[in-house]
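Data first, discussion second: the structure below is written as C-alpha cells.
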Amino acid sequence: MRIAVFGTGTVGQALAARLDELGNEVTIGTRDVDASRARAAAGGSSAESFGAWLLGRPSIRLATYADAAATSEIVVNATSGQVALAALGSAGRENLVGKILIDISNPLDFSAGFPPSLFVKDTDSLGEQIQAAFPDTFVVKTLNTLAAELMVRPAQLASGQHTVFVSGNDAAAKRTVTGILKQFGHTDVIDLGDISTCRGTEMYLALWVRTMGALGAELFNIKVVRKEQHDSRLLAGLADLTSAALD
C-alpha cells in the first residue's frame, strides 16, 4: 500500500519505519521538506537527527503534506494534537477525500507545564473534530494509548498480549486499519464503535501519563480480560489440579 505518515517526530519515525519494513510504499509528510532534512536532534542531544534517520532509510520518501497525501492511499496523522488540524488542512481537503485517515494524535495541552491537560474532552474529542473538518475522509482513531515502540512492536511487552482500540464511523475502514494493526503484531483489537468513542481513549491519557510517572517507564499497556477468558483460565486451572490429584 502507499501510505503517508504525517509527522517527523518519534511516533512518525516509528510508524514510517515499521510500515516500510512491512513492504509498504511510505512517504513522510512535513510542512517544510528542506527544514526537516536539515533539522538537528532536539535540544542538541546525541540522539539521531531526523535528517540522519532519513538518510539511513532510502526507501522512505519525504514530501510536503499535500504531496504525501495526494500520492498515498492511506494517511497516518502522527503529528502533535495541537497542530493536527492545521497539518491536515495543509494537505488539502481534496487530497484526503475517500481515503482512510489513521489518527494517532492526542489533545495534550502543555501550556501549564507537566502533567498536561486536555484541550478538548468529555463532550468532544480531537478525533471527532478531525472527522468534522474532513467529512469525506474515513477517520479511524487508534494507537493513541501506547508509547511509539509498542504501537509498532507490541511483542516487546507480554508477547503482544495486550489491548489496542479502534474508533470510527466506517466499518470497512476499521477492518483495514485492524489488518494493519495485526501486521504490527497486535492480537487484541477492540472496536469501540463510532468516532465519538475515541473520547474515552483520548481521556485515558490522563491515567497513562500518571502511570508512566509511577513506573518511571513508557513500555506498559492495559489488557482487557473478558469473562470468557477468565472462565477458560479457571477451567484450565481446575484441570491441572485434577490431573495432579490423580497423579
Among V225, L96, F165, which residue has its Cα positioned farthest towards the positive end of the charge dipole of the range 2-246, with +1 placed on the Cβ of Lys and Arg, -1 on the Cβ of Asp and Glu, and the dipole taken about the Cα centre? V225
Sequence-distant residues sharing a close amide H with V166 (under 5 Å, placed H): I190, D191, L192
Only four residue types carry charge here, +1 at the Cβ of Lys and Arg and -1 at the Cβ of Asp and Glu. Report the dipole size of the range 117-185 about the Cα centre in Debye, rounded to the nearest 20. 320 debye
Sort H186, H162 so the one with the fewest other Cβ atoms within 10 Å of its own Cβ comes first. H162, H186
Using only Cα atoms, tell me the angle between helix 205-215 and the longest principal axis of the chain; keep it within 0 to 90° and round to the nearest 10. 70 degrees
Note on the range 2-246: contact order normalised by length, alpha-carbon pairs under 8 Å, 6 or more apart, percent, works out to 16 percent
Order by protection proxy (mean Cβ within 10 Å, highest first), peptides 92-99, 167-174, 124-131, 213-220: 124-131, 167-174, 92-99, 213-220
Looking at (1) 1.10; (2) 1.18; (3) 0.94, which value of Cα Rg over 2.2 N^0.38 Å comes from a calculation on the structure shown? (1)
Potential lengthening between R37 and A112 on full extension [0.36 nm per residue; Cα-Cα distance subtracted]: 23.9 nm
HN-Hα J in Hz across the range 54-70 - Karplus 6.51, -1.76, 1.60, θ = phi - 60°, x for Gly and Pro: 5, 4, x, 10, x, 7, 8, 8, 10, 8, 5, 3, 5, 5, 4, 5, 5
How big is the dipole moment of the range 2-246 about its Cα centre under a simple scheme where the beta carbon of each Lys and Arg is +1, that of each Asp and Glu is -1, and everything else is neutral? Debye, nearest 20, please. 280 debye
Gained length - V189 relative to E218, 0.36 nm times residue gap less alpha-carbon distance: 8.4 nm
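What is the sum of charges around D109, taking Lys and Arg as +1, Asp and Glu as -1, for the other residues whose C-beta is under 15 Å from the C-beta of D109?
-2
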Beta bridge orientation in the range 2-246: antiparallel %, DSSP, nearest 5: 15 percent
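Less than 9 Å Cβ to Cβ from E202, Lys/Arg counted +1 and Asp/Glu -1: what total charge do the surrounding residues give?
+3
A short reminder: the numbers here are calculations on the coordinates, not readings from a lab. Being a predicted model, the structure only gives us computed values, none of them experimental. Counting neighbours? That spans all protein chains shown, and the Cβs are built from the backbone with ideal geometry, glycine included.
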